[in-house]
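Since the structure comes first, as structure tokens, the remarks are kept for the end.
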Amino acid sequence: MQNNGSCRQVVIAGFGGQGIILVGKLLAQTAMKAGREVTYMPSYGAEVRGGTAKCMITIDDEPIASPVIDNPDTIIAMNQASLDKYAPKVKSGGLLLINSSLVEKMPELDDSIEVVRLPADEIAVELGNKKVANMVALGAYLQKTGLFTAEAAADCLADVLAERYHVMIPVNKKALQKGAQFIEANGA
């Protein structure tokens, strides 16, 4: 995966209820805690659960002029509709991380784009909670890019989860680790 200096631009997309907004917020919080400049722009349909959800995160060492991302370095597509909509926008030499649990058909892509197929839902189910597929995907992204560690993201969970969900921190930490381990084990 090609990287344009210290700047990383990521679009995470899926359907409402997959925790897209939460995982984007966690990535942004992890970057802020590491002292990086960050913009985070969430967007979701009015119906929320089941509707479309996406967030754009830019991480840099320099001030960021705009939160809008037209051609991201990375797309994390958690379902088929998101893959179809956003994959054509990934930058040449970029990374496309897909939740292969919910994606059956790949679009035509530039050969320079690296594709990582991650069975995020299956891994989450093995952990006992399908809702942590988002964390599996983030752990895989962090391991693949070396941007931050899964542990650094795990350390920020209490900052982004409402206190009533702190009971979910242990399974979310495991999910982040499992995503990172998937990349290590599969040489992805």
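The longest part of the chain holding none of the exposed loop trypsin sites (Lys or Arg not before Pro), meaning those outside H, G, I, E and B in DSSP with at most 13 other Cβ atoms within 10 Å, is 106-188. Ordering Cys156, Leu127, Gly94 by the projection of their Cα atoms onto the charge dipole of the chain, which places +1 on the Cβ of Lys and Arg and -1 on the Cβ of Asp and Glu, puts Leu127 at the extreme positive end.
Using a cut-off of 24 Å between Cα atoms, the listed pairs Lys54/Lys91; Lys91/Lys174; Lys91/Lys173; Lys89/Lys173 include Lys91/Lys174; Lys91/Lys173; Lys89/Lys173 as exceeding that distance. Once both labels are positioned 7 Å from their Cα atoms along Cα-to-Cβ, the gap between Ala158 and Ala65 label points is 4.0 nm. For a straight C-alpha distance cut-off of 16 angstrom, the lysines reachable from Lys178 (same-chain residues fewer than eight places away being disregarded) are Lys130, Lys131, Lys144. When the Gaussian network model of the chain links Cα atoms closer than 10 Å, the mean-square fluctuations of Ile98, Ile64, Ile12 top out at Ile64. Sorted ascending by nearby beta carbons within 10 Å, beginning with the fewest, Met56, Met78, Met106 become Met106, Met56, Met78.
In segment 8-186, Cα pairs under 8 Å separated by at least six residues give a relative contact order of 20 percent.
A short reminder: the numbers here are calculations on the coordinates, not readings from a lab. Here the structure is a predicted model, which means the values were calculated and not measured. Note that each Cβ is placed from the backbone with ideal geometry, even for glycine, and that neighbours are counted across all protein chains shown.
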